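One structure below.
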Amino acid sequence: MLAKVNSCALLGLEGTLVEVEVDSAGGLPAITLVGLPSTSVKEAKDRVMPAIRNSGLRFPGGRVTINLAPADLRKEGPSYDLAIAVGVLAATRQISTDSVEDALFMGELSLDGNVRHARGVIAGAALARSLGLARVFVPTEDAPEASLIPDVEVIPVDHLITLVEHLLGLDVIPPYDPASVPEMEIDHAHLTDFADIKGQEHVKRALEVSAAGGHNAALTGPPGAGKTLLARAVPGILPQMNIDEALEVTRIYSVADMLPGQTPLVRQRPFRAPHYTISHAGLIGGGSFPRPGEISLAHRGVLFLDELPEFGKVLETLRQPLEDRTVTVSRASGAMTFPANFMLIAASNPCPCGYFGDPVKPCTCSHASISKYQQRISGPLLDRIDIHVEVPRVEYEKLSEDRRGETSEKIRARVQAARDRQAARFNDSELICNADMGTGEVQKYARPDAEGESLLRSAMQQLQLSARAYHRVLKLSRTIADLEASADIRPHHIAEALQYRARA
C-alpha cells in the first residue's frame, strides 16, 4: 500500500514542502530510501525501524520503499524521521491515511520512539500555513517556537506511540496553547552600562548617534583605552525590537539551530563578536547545505569585529552586505539569500604595537610597518563605515573620580525617540532607520538648508569625499537632527557628521 505524508526541507530561511512517499510491498525484507538524501537522512531507516518496533508497533517484513519528493532537492538532517515513521504506519494500515492528509510532520526519532528536537520548525509551521495545512506535529520542546506562527494548530509530540493514539482518536493530544508562552522582559542588568565607563564622552556620543540611526562605526585607539568595553555597551542603548524584527531574528536562529529551548522568541537584539580567525563561510554563511553566518546572526543587532586589521581578506566579503543588507550564498544547487541588516562596530589599534600617536607611550613601529598595517583594511571598506572616532587613553583623574556618567537607560530613551521619528517618517516603506535609506530617500528626507549645503560643498572639496561618503554624511546629519527632534538639517548637524567622516 502507498501512503503520503508531508514534511519540510529548509532552503535558507524558508521551508519547502517534501512529500514522504512510503510503499510497502511483499518480497524479501529490504528498506530503500531515495530522493537525494544526505548521510543523516539515509540513516533515518536505521532509526525508524527500531523506533516503531520498540513502541509496540509493527514494522513490515517485506520490501519498503521510501521516496522523498521532489527527487532533485537535496535533503539534509534527521527531521524527516517522524514523517517517515508515520508514512510506514499508514502504508501498513496501522493508522488511517485520512488522519495525516492535512498535517505536516517534523522531528527526529530515538531508537525507543521518543521524539527529539528538530531545527527550523518555525519555517515548517510557516510553510504549513502557506499551504493551507491545518496542523503541524513537532517535538514537544519545539512547540513554543512553532506556535509563533499564527493560524496553525501545533500538536506537541513526545513519543511515537502517543502520536499514533492521537491519530487513531484514542487519546487526543491537546494543541499547544501559545498563551502559555511567558512574555519575555528585556533584562539590561547583565549589559555594560555607559555610566560605568569613565571618560570617553565623545566616543559615547558617537555610539549614541550610531545606535540612533543604525550606522556603522569604527573605533581606533591604543590598547586598554576601552574600545571593547564601549562596543559591548552598545546593546544597552539600542531600542527594543518590535514583533516583526523579533520574528525575523528568531527564524534565523531557528534555522541555525541556535535558539534556546526556553526562549522561543528572541527579544534581545543580537550581539555577535567572532574571532579574527573566522573563515569566509563562518562570517558570511555557507557550507554544503548553506546556513547563516555571523553577519546574519547579527541581523537587527550588532556585529563587533575586534582587532579589525587581523581579519585579513575575509573583510572584503563584507562590502556587498554592508550596502545591500542581505547576503547571497551561491552553490551549484542554487543561490540562497540571508538577511544581514546589522550595525558594524569595529575596533582597531593604529599600528602593530598600538601606540602610534599616543602622547604618553612612544610607538616602536617603523613607518613601513605602520603603513602596511593600516593598509590591511581597504579604502572601499572604510568608506562604508559611517562613523570614525579616535579612542584616546583615559587619564588617571577620569579613572579615579567617583562621579558616574550618564546611564545607558537615559541614552536609550533618546535613541528610542529618534527611532520613533524615523519609523513615522518611513511609515509607508520597508525602511526602519536612517542607515537603510537609499539615494532616493536621502534626496527626499535628508536635504540640508542653504547654509548647510554650502558647508557640505566646501567639505566635499577639502576632504575629497566620495559620492558614497556624501550620502553617508547626509544620513548621519539626519540622525543627529532626529536626536535633537529637529525637522530640518542645520549646519551644526552637518559639521558633527563631517567630524565623524574625517578618516574617510
Ser147 polar (S, T, N, Q), at pLDDT 90 or above and in contact with a helix residue (DSSP H, G or I) (Cβ under 9 Å, 6 or more places away or on another chain): yes
Qualifying positions in the stretch 426-452 - part of a helix (DSSP H, G or I) and under 22 Å from His299 (Cβ atoms): Asn434, Ala435, Asp436, Glu441
Within the stretch 8-124, helices (runs of 4 or more DSSP H) holding 2 or more residues that are in contact (Cβ under 8 Å) with a residue 40 or more places away in the chain: 44-54, 81-91
Exclusive hit being closer than 30 Å to Asn242 by Cβ, at pLDDT 95 or above and open to solvent by less than 60 Å² (accessible area, probe 1.4 Å), set Leu322, Leu303: Leu303
Residue count for the stretch 448-504, restricted to those that are among the aliphatic types (A, V, I, L, M), on the phi > 0 side of the Ramachandran plot and without any contact (Cβ under 8 Å) to a residue 40 or more places away in the chain: 0
Enumeration of residues in the stretch 132-174 that are open to solvent by 10 Å² or more (accessible area, probe 1.4 Å), within 27 Å of the chain's Cα centre (by Cα) and free of Cβ contacts under 8 Å to residues at least 60 places away in the same chain: Thr140, Ile149, Pro150, Asp151, Val152, Glu153, Pro156
Only one of Glu43, Glu19 that is surrounded by fewer than 19 Cβ atoms within 10 Å (Cβ to Cβ) and closer than 17 Å to Ala118 by Cβ: Glu43
Residue satisfying all of: in the stretch 1-16; over 29 Å from Asp257 (Cα atoms) and open to solvent by 40 Å² or more (accessible area, probe 1.4 Å); modelled with the highest pLDDT among these: Leu2
Verdict on Pro292 being open to solvent by 10 Å² or more (accessible area, probe 1.4 Å) and within 30 Å of Cys353 (Cα to Cα): no
Set Ala446, Ala418, Ala347: member being open to solvent by less than 40 Å² (accessible area, probe 1.4 Å), farther than 30 Å from Asp244 by Cβ and within 30 Å of the chain's Cα centre (by Cα): Ala347
Members of the stretch 367-406 found to be open to solvent by less than 30 Å² (accessible area, probe 1.4 Å), β-branched (Val, Ile, Thr) and over 27 Å from the mean Cα position of the chain (by Cα), listed by number: Ile370, Val391
Single residue of the stretch 260-291 satisfying the filter (out of contact with any Ser or Thr (no Cβ under 7 Å at 6 or more places or on another chain) and of a type in the set (A, V, I, L, M)) that is nearest to Ala231 (Cα to Cα): Ala273
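The values are calculated or read from the model by the stated rules, or taken from the named source; none is laboratory data. Here the structure is a predicted model, which means the values were calculated and not measured. Ideal geometry is used to build each Cβ from the backbone, glycine not excepted, and the neighbour counts take in all protein chains shown. For accessibility, only protein heavy atoms count, side chains too; no ligands or nucleic acids. Shrake-Rupley method; radii C 1.70, N 1.55, O 1.52, S 1.80 Å.
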